[in-house]
1. Filtering segment 73-92 down to residues that are of a type in the set (Lys, Arg) and in a loop (DSSP other than H, G, I, E, B), which residue is modelled with the lowest pLDDT?
2. For the structure I just gave you, tell me whether residue 70 is modelled with pLDDT under 80 and of a type outside the set (Gly, Ala, Ser).
3. Test residue 51 against the criterion of being modelled with pLDDT of 95 or more and part of a strand (DSSP E or B), and give yes or no.
4. Give me the pairs, please: first residue somewhere in segment 8-29 and within 16 Å of residue 50 (Cα to Cα) and at pLDDT 80 or above, second residue anywhere and acidic (Asp, Glu) and surrounded by 13 or more Cβ atoms within 10 Å (Cβ to Cβ), beta-carbon distance under 7 Å, and either six or more positions apart or on two chains.
5. Of the residues that make up segment 39-46, is at least one at pLDDT 75 or above and surrounded by 10 or more Cβ atoms within 10 Å (Cβ to Cβ)?
Amino acid sequence: MISGRHEKNANIFAKWKVANEDSVDTYLGEVQYYFEHALRFPEGTKTHLLAFVKWYKPAPSSSIQFKHSFMKPEISNTKLWKTEYFQKDCDSLLAVHKILY
């Protein structure tokens, strides 16, 4: 185990490839805890560092989601999120190397 639960969890951004597309989306989440997962193979053990993340839902529309609508989306880096989370599922498990910051 890398670390347990803390009073304050880390907010992160992570990239996800959109299914059946070539684009990549960035999501905001809150790490609940980090852990190691080890797989034992005949060739040796492979260890993965993972995070369990609660993902925030984006604002309901792009006019709300992108705060600076007077700027082109490729220039504006401000994005708004709800305080609600998506349901926990397999996407809640994230390899730590996918965390941007």
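1. This residue is 79.
2. Yes, satisfied.
3. Here the answer is yes, as residue 51 does meet what is asked.
4. Correct list of pairs: 9/30; 11/30.
5. The answer is yes, given that some residue of segment 39-46 is at pLDDT 75 or above and surrounded by 10 or more Cβ atoms within 10 Å (Cβ to Cβ).
The values are calculated or read from the model by the stated rules, or taken from the named source; none is laboratory data. Everything numeric here is computed off the predicted structure, so don't read it as measured data. Neighbour counts are summed over all protein chains in view; Cβ atoms, including those assigned to glycine, are modelled from backbone coordinates with ideal geometry.
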